[in-house]
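The structure appears right after this line, and notes come after that.
The values are calculated or read from the model by the stated rules, or taken from the named source; none is laboratory data. Fair warning: this is a prediction, and the values are worked out from it, not measured in the lab. Using ideal geometry, Cβ is built from the backbone for each residue, glycine included, and neighbour counts are taken over all protein chains shown.
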Amino acid sequence: MENIAEVRNLTKQFNGFALNDLSFDIKKGFITGFIGANGAGKTTTIRCLMDLIRTEQGEIRVFGESHENHTAEIKERIGFVYDADFYYEDLTIEKNKRILAPFYSEWDDELFYQYLRKFQLNTAKRVKHLSKGMRMKFSLAMALSHHPDFIIMDEPTAGLDPMVRRELLDMMQELIQDEEKAIFFSTHITTDLEKIADFIVFIHDGRIIFQGEKDEFTERYVLIKGTADQRSLLDELPVIGLRGTDVGFECLVDTAEIPLDQLSSLLVEQPTLEDIMYYTGRGGSQ
Amino acid sequence: MNALIRKDLYTQKVSTYFLTALWFVIFTNFFTDGQPVRHVLLLIFLAYFIAISTSNKSIEKESVLINSLPVTRKQFVLAKYAAGFMWFGLTAAAVLVYIFLFDTFAPFPTRMMTIPELLIALGSFFIIISLFYPLQFKAGYVLATSLTIILPLLSMMSFRIILNIMENPRMVAEQKFFRQTAELVTVNQWTVALAVLLVSTLVTWLSILVSIRIVRKTDFDHA
């Protein structure tokens, strides 16, 4: 499998926050979901990928090139969907397009208007008058109309109603059909990933916890449940997160660290992505 | 780079052009009395006001959008300076029309701006934006504007002080000095213009280098 982007040992310090030695790959022809809680470092990592934020250490290569010498060529092939409204709010959709389209040599006006028709967006409408869902659709039309090979989306589904979210996810799947493109999208809505992601990159507190195939991810972790009496079975075992209840406990375990046969007397369940995120964030507290 | 310059033109707010009219009031007291120095100052600060209005306080937000497009950080900086020619050209056209109307219809002697005067204005305009842009890239729009807005105020004060001196019968020596200087400048207009352009080129070049250095290290992390 060919990598469309490679991140190696990426480190960036901010006031009170740091990306620590991140390494991951984004595969061509697949959808890679980038998950993590709010403040885990998803947007910062994506902005590093887009060279909006400078890295202190490490290397980022997109299409085999680094931003240092080929940033314009790289960005020409990227469709970027922002996490916030960065378009010209006071201007209409048409004017935004007129300003931004000339930056791309491969801009396809016909495709742009095709998306607008599909999304039922009126070109004469000002961006500030669009609803959250409409803004996302406009952002998507802008990002896709220059035939990008690599689509990066920062929290595209956040705040969208289920209808629009489903439409967006369907569209992502359509886009990836020709296997020439790659989609990398961040979210903390794990059900989106369960529906469409092929690969998962999981970031927690500025560190990559896991990267690999989605199924491998959910298979690697198990959710353990037991009664209060059985709690002692976990003593000195490196559980990821633990939640005590009146009648027992629940915890997440990485089977790479604790073999399943050690837990045979306990109830073992397949966790959802949300369970993994929840217990990772929670840690070993009660 | 053309797309970046066009972007500045298209995103300029219409209200800026109306607000710009205020400078006509400030520098010419509504109507020019034909003093060429007023026209030069008017042109410099009018162009400066329009140029910095494109970089209004939403620049941090816009920087995220622009730097995610296929442009380098160097092009991003260079386009700002290159757009200066566009703003100066548009302003010069407006100011020349204004002077032309007075030259044609006013009941007092006036004249159109000379080419050396236009060049002096161009050089001075670039010196000011050369101070503005590095400050803006480093410290933000508000601070850069606050610091550079002092320049038109200082020039207006200086102009007023000189006018007062020229009307004060007790300050004969000073009046002689200013008259001689004015004569010298008038006689050697081309020399002065070329000297201003030379200094301006040097300052602008240094400013571009500093701005590129600042922007190369900048994180566009506006949320």
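Go through the stretch B:1-18 and give me each residue that's polar (S, T, N, Q), exposed (fewer than 13 other Cβ atoms within 10 Å of the Cβ) and either under 14 Å from residue B:79 (Cα atoms) or at the interface with chain A (Cβ under 9 Å from one of its Cβ atoms) (or both).
B:2, the sole residue that qualifies.
Every residue, every condition in (1) closer than 19 Å to residue B:178 by Cβ; (2) part of a helix (DSSP H, G or I); (3) of a type in the set (Ser, Thr, Tyr); (4) in contact with a strand residue (DSSP E or B) (Cβ under 6 Å, 6 or more places away or on another chain), yes or no:
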{"site": "B:145", "(1), (2), (3), (4)": "no, yes, yes, no"}
{"site": "B:151", "(1), (2), (3), (4)": "no, yes, no, no"}
{"site": "B:154", "(1), (2), (3), (4)": "yes, yes, no, no"}
{"site": "B:159", "(1), (2), (3), (4)": "yes, yes, no, no"}
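For the stretch A:114-130, how many residues meet the condition of being in a helix (DSSP H, G or I) and of a type in the set (A, V, I, L, M, F, W, C)?
Here the count works out to 3.
Would a scan of the stretch A:192-207 turn up a residue that is on the phi < 0 side of the Ramachandran plot, surrounded by fewer than 16 Cβ atoms within 10 Å (Cβ to Cβ) and at pLDDT 85 or above?
yes
Within the stretch A:84-111, track down each residue that is farther than 21 Å from residue B:11 by Cα and crowded, with 18+ Cβ neighbours inside 10 Å.
None - no residue of the stretch A:84-111 is farther than 21 Å from residue B:11 by Cα and crowded, with 18+ Cβ neighbours inside 10 Å, so the list stays empty.
Within the stretch A:89-102, track down each residue that is facing chain B (nearest Cβ under 10 Å), within 19 Å of residue A:144 (Cβ to Cβ) and in contact (Cβ under 8 Å) with a residue 24 or more places away in the chain.
A:96, A:100, A:101
Taking the residues in the stretch A:64-83 that are touching a strand residue (DSSP E or B) at 6+ places or on another chain (Cβ under 9 Å) and surrounded by fewer than 16 Cβ atoms within 10 Å (Cβ to Cβ) as candidates, determine which candidate is farthest from the other protein chains (Cβ to nearest Cβ).
Looking at the filtered set, the residue picked out is A:64.
Could you give me the residue pairs with C-beta distances under 6 Å whose first residue belongs to the stretch A:210-236 and is farther than 16 Å from residue A:264 by Cα, whose second residue is at pLDDT below 85 and part of a helix (DSSP H, G or I) wherever it lies, and which are 6+ apart or on separate chains?
A:210/A:217
Might you let me know whether the stretch B:141-162 holds any residue that is within 14 Å of another protein chain (Cβ to nearest Cβ) and of a type in the set (S, T, N, Q)?
No, the stretch B:141-162 contains no residue that is within 14 Å of another protein chain (Cβ to nearest Cβ) and of a type in the set (S, T, N, Q).
Conditions first: (1) assigned to a helix (DSSP H, G or I); (2) more than 14 Å from chain A (Cβ to nearest Cβ). Residue B:169 passes all but one, so which condition is the exception?
Going through (1) assigned to a helix (DSSP H, G or I); (2) more than 14 Å from chain A (Cβ to nearest Cβ) one by one, residue B:169 breaks only (1).
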